[in-house]
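Everything on this sheet refers to the single structure shown next.
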Amino acid sequence: MSTKPEVLMIGAYPTWDMVDLEARYIVHKLWEAADRDRLIEAHRSTIRAIATRGELGASADLMKRLPALEIVSCYGVGTDAIDLAHARTNGIRVTNTPDVLTADVADMAIGLLLAVARKIPQADSFVREGRWTKGNMPLVTRVTGKTVGVVGMGRVGAAVAKRLAAFDCEIRYFDVVRRADLPYAFVPNLVELARRAEFLIVTLAGGESTKAIVNASVLDALGPDGILINVSRGSTVDETALLSALEAKVIKGAGLDVFWNEPNIDERLKVLDNAVLQPHHASGTTETRCAMGKLVRDNLAAHFAGVTLITPVL
Ligand code: 8YV
């Protein structure tokens, strides 16, 4: 019998991670299994680790089926899809990949803001489709110097604010607590923040406490010149309200990396001319994904070596 620990992988990782993981562990690939229940049942008593992705997480139901489970290692910073309460109660360790993806996610927030405000995708089509030869493109919206509301002033929020400062933007933010270490204006009421901002950038953690926190009232307050950017979780925005607001031009536009039902997003989103959509790809650079995969692998290795975890959540 092999001495390699058994790991259940919920979703695919890049090849470079798979090579290393398959050398160290017996890897069970749930996403490839024709019958997932059967795969879990066949190895339920020997699987000691789950390697998952931020958006896939690990439910209590799944963890309950694995009595030998010791650790859930998440390829992503957001652990909202992992049942942390169940893990805590059952002494299951949890790790994530903070810091290494912060810069890329913040870059994407700025990229989406520029794409929506300056209509970069539409301008690209304008040139390719030969419409430029028939006249000038309609004018667009400036980003520099605007008032921006950052919704969630954690690692990503602070990195977004730092970038916006270089655009001479006035930065205000909403969070559950004031960040005394940062020079930006704290606005503890989200509707109030939206009223006072031209752009809102959502960087909150997902989960019950932030579910649909950006609702119809927030969108109304953002108003017809306002732009919403979401690089957090689809769950933080009431997507039904957002769709109505975009269709009725209650707000000017939105840049979205995340959605309620990924990857099978609402068809109504696809026909909007005032939204720029991304496939949950804010951290999707080779550089960052290499660092994320290494953290997952290093956390698993630390666990099985009995040494301190590098980036523990629990
Ligand atoms: C990743 C994420 O796209 O960090 C997170 O929480 O959602 C993203 O960085 C995802 O985890 C990769 O699957």
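Values quoted throughout were computed directly from the atomic coordinates according to the rules given, and no laboratory measurement underlies them. Note that this is a predicted model, so its numbers are computed, not measured. As a convention, Cβ positions derive from the backbone with ideal geometry for all residues, glycine included, and neighbour counts pool all protein chains shown.
For Thr286 and Ala12, compute 0.36 nm times the residue count separating them, minus their Cα-Cα distance, and round to one decimal in nm.
97.1 nm
R0 = 35 Å: FRET efficiency of Gln122 with Val177, Cβ-based, nearest 0.05?
Between Gln122 and Val177 the formula returns 0.35.
What is the magnitude of the charge dipole of the stretch 102-277 about its Cα centre, with +1 placed on the Cβ of each Lys and Arg, -1 on the Cβ of each Asp and Glu, and no other charges, expressed in debye to the nearest 20?
480 debye
Between Glu239, Glu70, Glu267, find the one with the highest GNM mean-square fluctuation for the chain; connect C-alpha pairs within less than 10 Å.
Result for the chain, Cα springs under 10 Å: Glu267 fluctuates most.
Roughly what would the spin-label model give for Arg163 and Val19, points 7 Å off Cα along C-beta, in nm?
Here the answer is 3.1 nm between the modelled labels.
Between Leu139 and Leu114, how high is the FRET efficiency from 1/(1 + (r/R0)^6) when r is the Cβ-Cβ distance and R₀ = 22 Å? Nearest 0.05.
It comes to 0.90.
Mind checking which of Ala245, Val94, Thr203 is farthest towards the positive end of the chain's charge dipole, using Cβ charges of +1 (Lys, Arg) and -1 (Asp, Glu) about the Cα centre?
So the residue furthest toward the plus end is Thr203.
On C-alpha positions alone, give me the angle between the axis of helix 286-305 and the longest principal axis of the chain, in degrees, nearest 10.
With rounding to tens, the tilt is 30 degrees.
If each Cα of the stretch 160-314 is one equal point scatterer, what is log10 of I(q)/I(0) from the Debye formula at q = 0.20 Å⁻¹?
-1.28
What number, in nm² with one decimal, is the all-direction average of the projected area of the convex hull of the alpha-carbon atoms of the stretch 1-70?
Averaging across all directions leaves 4.9 nm² for the Cα convex hull.
Considering every pair of different Cα atoms, what Kirkwood radius, in Å, is found for the stretch 73-165?
Across the stretch 73-165, the inverse of the average 1/r is 16.6 Å.
Please name whichever of Ala33, Gly149, Val231 sits farthest to the positive end of the charge dipole of the chain, dipole taken about the Cα centre and charges placed at Cβ: Lys and Arg +1, Asp and Glu -1.
Going by the charge dipole, the pick is Gly149.
Give Lys162/Lys249; Lys134/Lys249; Lys146/Lys211; Lys29/Lys294; Lys146/Lys270 a once-over and call out the pairs whose C-alpha atoms are over 25 Å from each other.
Over 25 Å apart, Cα to Cα: Lys162/Lys249; Lys134/Lys249; Lys146/Lys211; Lys146/Lys270.
Below 8 Å between Cα atoms, with a sequence gap of 6+, how large is the relative contact order for the stretch 39-116 in percent?
Once divided by the residue count of the stretch 39-116, the mean separation gives 27 percent.
Can you work out the FRET efficiency for the pair Ile310 and Asp225, with r the C-beta to C-beta distance and R0 = 51 Å, to the nearest 0.05?
FRET efficiency, Ile310 to Asp225: 0.70.
Under Stokes-Einstein, with the Kirkwood radius over Cα pairs standing in for Rh, what whole-number D in µm²/s applies to the chain at 20 °C and 1.002 mPa s?
Using the Kirkwood radius from Cα pairs, D works out to 102 µm²/s.
Charges at C-beta only: +1 for Lys and Arg, -1 for Asp and Glu. How large is the resulting dipole of the chain about its Cα centre, in Debye rounded to 20?
It comes to approximately 360 debye.
Let's see if you can work this out: charge +1 on each Lys and Arg Cβ, -1 on each Asp and Glu Cβ, no other charges. What is the dipole magnitude of the stretch 1-100 about its Cα centre, in debye to the nearest 20?
Dipole magnitude for the stretch 1-100 comes out near 320 debye.
Modelling each spin label as a point 7 Å along the Cα-to-Cβ direction, I'd like the Ala42/Asn90 distance in nm, to one decimal.
Here the modelled spin labels are 2.2 nm apart.
Over the chain, with a Gaussian network built from C-alpha contacts below 10 Å, which listed residue (Asp61, Asp17, Asp181) shows the highest mean-square fluctuation?
Result for the chain, Cα springs under 10 Å: Asp181 fluctuates most.
Compute a Gaussian network model of the chain, connecting alpha carbons closer than 10 Å, and tell me which residue from Ala85, Ala245, Ala115 fluctuates the most.
Checking each option, the largest mean-square fluctuation is seen for Ala85.
Using the alpha-carbon atoms, what tilt in degrees (0 to 90, nearest 10) does helix 102-117 show relative to the longest principal axis of the chain?
Long axis of 102-117 versus the principal axis of the chain: about 30 degrees.
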